[in-house]
Amino acid sequence: MGLQKRLTIFTVALVTLLSGLLGGFLIKQDFNGAINKIRTELIYIQSSVDQTQQDKVTTAVALARSAPIQVSVGLVDENGNLTAILEPDEPLSKKIDIYVDIEGGSQLLLSASTSNELDRRNSSVINLFVFLLSIIALSIIILRLVIARDVARERRAIEMAEHLKSENEKRTALLEFAGDASHELRTPLTVIKGYLELGEKSRDVISSPETIGRMKREVDRMERTISSLLQVFEIDAIPDQELRVQNIAPLLNEAVNTFIEINPMREVSCEIDSNIELSITEPLLNAVIGNALSNISRHTQENAPVSFSAKKLNGEVLIKIEDGGPGIADRLSEDSIQLFTRFDKSRSRQNGGSGLGLSIIFSAVKKLGGEINLGRSNLGGLAINIRIPISKN
């Protein structure tokens with residue numbers, strides 16, 4: 001239930017309850033006052049008859065006729081038989097009775113009707129009910145307009161704050177991207193610039209196959225670095241609206257089969273559940289699995305074993321990728337976040353990498369709301385453990 005509905009229901013219920021309690025209290029007070037007025041009049045007649053020295057029946061009848069309310073008078077003999085002396089205009093269905101003792105063991109019965117008061121109370125209750133229904137309808141209309149306006153204003157403020165936060169994060173990411181790119185590209189550019197300056201002095205140097213090969217390697221290094229940096233930046237910029245629920249099991253099997261074809265000398269074990277639904281895009285999945293398998297190809301021996309598993313457990317997808325390479329056992333005791341920083345030197349560029357593989361995997365997993373940690377593999381190398389929440393339809 002939305003905030004607007006909860007606020008409306010609470011406010012309407014509170015106003016209705018208070019109005020009902022106040023209205024009910026006033027109706028009860030009015031009814032009790034009317035009954036007390038009737039009772040007081042009967043008690044006055046009773047007291048006057050008791051105190052009179054004249055004929056009590058005559059006095060009672062005279063007082064009953066002059067009373068502001070309709071009072072009937074009856075005579076009850078010693079055997080309990082009732083004889084009407086002053087009858088009401090209409091039969092008394094609801095009444096108040098008071099007895100007055102007279103001589104001879106008889107009693108006078110003074111009666112006054114309460115039907116009018118009861119009818120007026122019932123009418124007031126009906127009017128109160130209609131009034132409460134009107135208050136409820138009017139309150140709902142007013143509150144929905146007022147609360148809708150306030151909620152819309154707060155929503156706009158929240159959206160604006162989130163937009164500013166998102167823009168600041170993008171700006172920070174762009175600055176980090178520029179800083180990382182400039183830092184990493186400075187070395188190959190310096191090498192290429194140095195050779196070009198030497199070429200200005202001696203064409204033999206610039207035309208040397210070794211020089212051309214070195215410059216080509218530096219250009220390739222810059223190309224890989226820029227491509228990887230762009231991949232990290234693109235992952236961070238993917239809007240959540242582009243994520244869609246899909247079964248990733250076929251894509252995982254395809255990625256592992258491709259890895260096996262490219263690495264025929266490796267022993268690869270694979271366990272993937274048949275139906276794994278995640279809210280994801282293929283580029284994000286490739287960023288995780290593709291970079292993990294590429295790192296294995298680049299940084300382990302060509303015959304090092306590999307284990308790949310993807311299973312569903314307790315509302316999560318657990319992906320575990322292990323290799324039998326040299327690993328980074330000497331660094332696993334460090335802060336795990338440090339191992340995912342850009343251009344980490346633990347196992348990156350000695351074999352042609354950009355130093356961004358783990359950073360790309362970390363960014364993609366974070367985008368999916370998951371967690372990643374590194375550990376020692378049962379095969380002797382590195383184990384990448386990934387946990388991603390299963391999508392709920």
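Here are a few things to note about the model shown:
- Boolean, residue 338 is modelled with pLDDT under 90, more than 26 Å from residue 219 (Cα to Cα), open to solvent by 40 Å² or more (accessible area, probe 1.4 Å) and in a helix (DSSP H, G or I): yes
- Scan of segment 160-192 for residues that are open to solvent by 100 Å² or more (accessible area, probe 1.4 Å) and at pLDDT 80 or above, ordered by number: 160, 162, 165
- Taken together, the residues in segment 244-262 that are within 14 Å of residue 293 (Cα to Cα) and either in a loop (DSSP other than H, G, I, E, B) or among the aromatic types (Phe, Trp, Tyr) (or both) amount to 1.
- Qualifying residue in segment 243-261 (condition: closer than 21 Å to residue 363 by Cα and open to solvent by 60 Å² or more (accessible area, probe 1.4 Å)): yes
- Segment 272-288 - residue that is outside any loop (DSSP other than H, G, I, E, B) and among the β-branched types (Val, Ile, Thr) and, of those, nearest to residue 244 (Cα to Cα): 280
- From 271, 223, residue being open to solvent by 70 Å² or more (accessible area, probe 1.4 Å) and at pLDDT below 90: 223
- Of all residues in segment 1-47, those that are in contact with a strand residue (DSSP E or B) (Cβ under 9 Å, 6 or more places away or on another chain) and open to solvent by 60 Å² or more (accessible area, probe 1.4 Å) total 2.
- Test: residue 244 is within 30 Å of residue 165 (Cα to Cα), out of contact with any Asp or Glu (no Cβ under 6 Å at 6 or more places or on another chain) and charged (D, E, K, R): yes
- Among (1) at pLDDT 85 or above; (2) open to solvent by less than 20 Å² (accessible area, probe 1.4 Å); (3) outside any loop (DSSP other than H, G, I, E, B) - the single one residue 304 does not satisfy: (3)
- Pair list, Cβ under 6 Å, 6 or more apart: segment 274-302 residue under 26 Å from residue 239 (Cα atoms), other residue assigned to a helix (DSSP H, G or I) and open to solvent by 20 Å² or more (accessible area, probe 1.4 Å): 281/242; 285/251; 289/255
- Test: residue in segment 121-130 that is of a type in the set (Gly, Ala, Ser) and buried (at least 17 other Cβ atoms within 10 Å of the Cβ): yes
- Here segment 362-393 is the region considered, the condition is being in a loop (DSSP other than H, G, I, E, B) and touching a Pro at 6+ places or on another chain (Cβ under 9 Å), and the residue that is nearest to residue 248 (Cα to Cα) is 368.
- Whether a residue is surrounded by 12 or more Cβ atoms within 10 Å (Cβ to Cβ) and either at pLDDT below 90 or farther than 30 Å from residue 129 by Cα (or both) was assessed, and residue 82 does not pass this test.
- Considering only residues in segment 70-79 that are open to solvent by 60 Å² or more (accessible area, probe 1.4 Å) and among the polar types (S, T, N, Q), the one that is farthest from residue 97 (Cα to Cα) turns out to be 79.
- The one condition in (1) more than 16 Å from residue 369 (Cα to Cα); (2) not in a helix (DSSP H, G or I) that residue 294 fails to fulfil: (2)
The values are calculated or read from the model by the stated rules, or taken from the named source; none is laboratory data. Quantities reported herein were computed from a predicted structural model and do not represent experimental measurements. Glycine gets a Cβ as well: all are built from the backbone with ideal geometry, and neighbour counts include every protein chain shown. To get the accessible areas, we keep the full protein, side chains included, count just its heavy atoms, and leave off ligands, DNA and RNA. Shrake-Rupley method; radii C 1.70, N 1.55, O 1.52, S 1.80 Å.
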